[in-house]
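The values are calculated or read from the model by the stated rules, or taken from the named source; none is laboratory data. Everything quoted here is computed from the prediction, not taken from an experiment. Backbone-built Cβ (ideal geometry, glycine too); neighbour counts: all protein chains shown. Ligands, DNA and RNA are excluded from the accessible area calculation, which covers all protein heavy atoms including side chains. Shrake-Rupley method; radii C 1.70, N 1.55, O 1.52, S 1.80 Å.
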Amino acid sequence: MGYLFLSPFIFGTIAFMLFPMMYSLYLSFTDFNLVGSPQWAGLANYKEMFTNDPVFWESMRVTFFYAGTAVPFRLIFALLIALVLNRVVEMVGIYRTLLYLPSIVGGSIGVSIMWRQLFGNDGAINSMLESIGLSGHSWLGDPNTAIWTLVILYGWQFGSSMIIFLAGLRNIPGIYYEAAEVDGGTPLQKFFRITLPMLTPVILFNVIMQVIHGFMAFTPAFIITEGGPVNSTLLYVLYMYRQAFQFFDMGYASALAWVMLLIIGIFTAIIFKSSDYWVHYDG
């Protein structure tokens, strides 16, 4: 009876996760254009990727820069907002809901279109700058600023991390702060000696989840900048999408997917291994 109730989950996992993963692994060693049959190519896709594809390395550089800036920005901002909400007593549920809304709609196509309009040449940002006597800027057309519009959008979707931080803050025993008050601890000392160490398990979870999401970002680059200008916002998953559905090279795209899986796995393992030195558990 137990297996009967588990069967939908087991079937879904095998049919929609394990089988596609194994098939994509097979395709990564083939030349497949989505029309004919896959032709075995061995390590040709991986050799092409690492030795003869400068766009691959450019997309890797852009993705590492994006993840390295957007993830800390979101986490720090989420923690600051959670600290503020943790001190709010009245109407905290309403504030929490309102601040969580961007995380619900932030990854949608509609928000990406809105963001593109917001930072466009005739958008609200340039209009506000011109209203105070400053000249506008081509935010999406400048390679130096286009990526930062995506970073800001990622940070704006801080709600999910904020909720988790807030839950962690609510679980810190108040007795620690009372003891610090008796010893004359300052607010800064309480934060670095009590709040931050007690929050490290939650920080570990948020860091891992956001690093994975950062490396897998696709929709903003696809809708807002289309990878431009001059590939300055060509995130890795967008490049993989182009190889699969614009250039119809599914074998090469599958190889790209497995390289990204390996990179995410390595980063996750490093974070877990380093947690022995900075994550503290109560008791």
Response to the item:
For region 27-43 the number of residues that are within 17 Å of residue 248 (Cβ to Cβ) and either of a type in the set (Ser, Thr, Tyr) or open to solvent by 50 Å² or more (accessible area, probe 1.4 Å) (or both) is 8
Discussion item. For region 31-60, which positions are among the charged types (D, E, K, R) and in a strand (DSSP E or B)?
Written reply: 31
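Restricting attention to region 237-254, does a residue exist that is closer than 30 Å to residue 167 by Cβ and either modelled with pLDDT of 95 or more or surrounded by 15 or more Cβ atoms within 10 Å (Cβ to Cβ) (or both)?
yes
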Worksheet item: Pairs under 7 Å by beta carbon, first residue more than 13 Å from residue 237 (Cβ to Cβ) in region 56-68, partner not in a helix (DSSP H, G or I), six or more apart or different chains?
Response: 58/231; 58/234
Worksheet, complete the sentence: Across region 182-203, the tally of residues that are part of a helix (DSSP H, G or I) and at pLDDT below 90 stands at 1
Practice prompt. Test residue 140 against the criterion of being in a loop (DSSP other than H, G, I, E, B), on the phi < 0 side of the Ramachandran plot and aliphatic (A, V, I, L, M), and give yes or no.
Written response: yes
Worksheet entry | Residue that is among the polar types (S, T, N, Q) and at pLDDT 95 or above, where the choices are 103, 59 | 59
Worksheet item: Here are 131, 138: which of them is closer than 25 Å to residue 232 by Cα and open to solvent by 30 Å² or more (accessible area, probe 1.4 Å)?
Response: 138
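Of all residues in region 83-108, which are outside any helix (DSSP H, G or I) and either open to solvent by 90 Å² or more (accessible area, probe 1.4 Å) or within 27 Å of residue 187 (Cα to Cα) (or both)?
Across region 83-108, the qualifying residues are 87, 88, 89, 90, 91.
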Practice prompt. Scan region 183-231 for residues that are buried (at least 19 other Cβ atoms within 10 Å of the Cβ), without any contact (Cβ under 8 Å) to a residue 24 or more places away in the chain and of a type in the set (Ser, Thr, Tyr) and report the count.
Written response: 0
Worksheet item: Take the residues of region 109-128 that are open to solvent by 70 Å² or more (accessible area, probe 1.4 Å) and modelled with pLDDT of 90 or more: which is nearest to residue 226 (Cα to Cα)?
Response: 116
Fill in: residue 170 under 25 Å from residue 276 (Cα atoms), open to solvent by 20 Å² or more (accessible area, probe 1.4 Å) and more than 27 Å from the chain's Cα centre (by Cα)
no
Worksheet entry | Only one of 223, 208 that is in a helix (DSSP H, G or I) and either over 30 Å from residue 121 (Cβ atoms) or among the acidic types (Asp, Glu) (or both) | 208
Discussion item. Anything in region 19-50 that is of a type in the set (Ser, Thr, Tyr) and at pLDDT 95 or above? List them, or say none.
Written reply: 23, 24, 26, 28, 30, 46
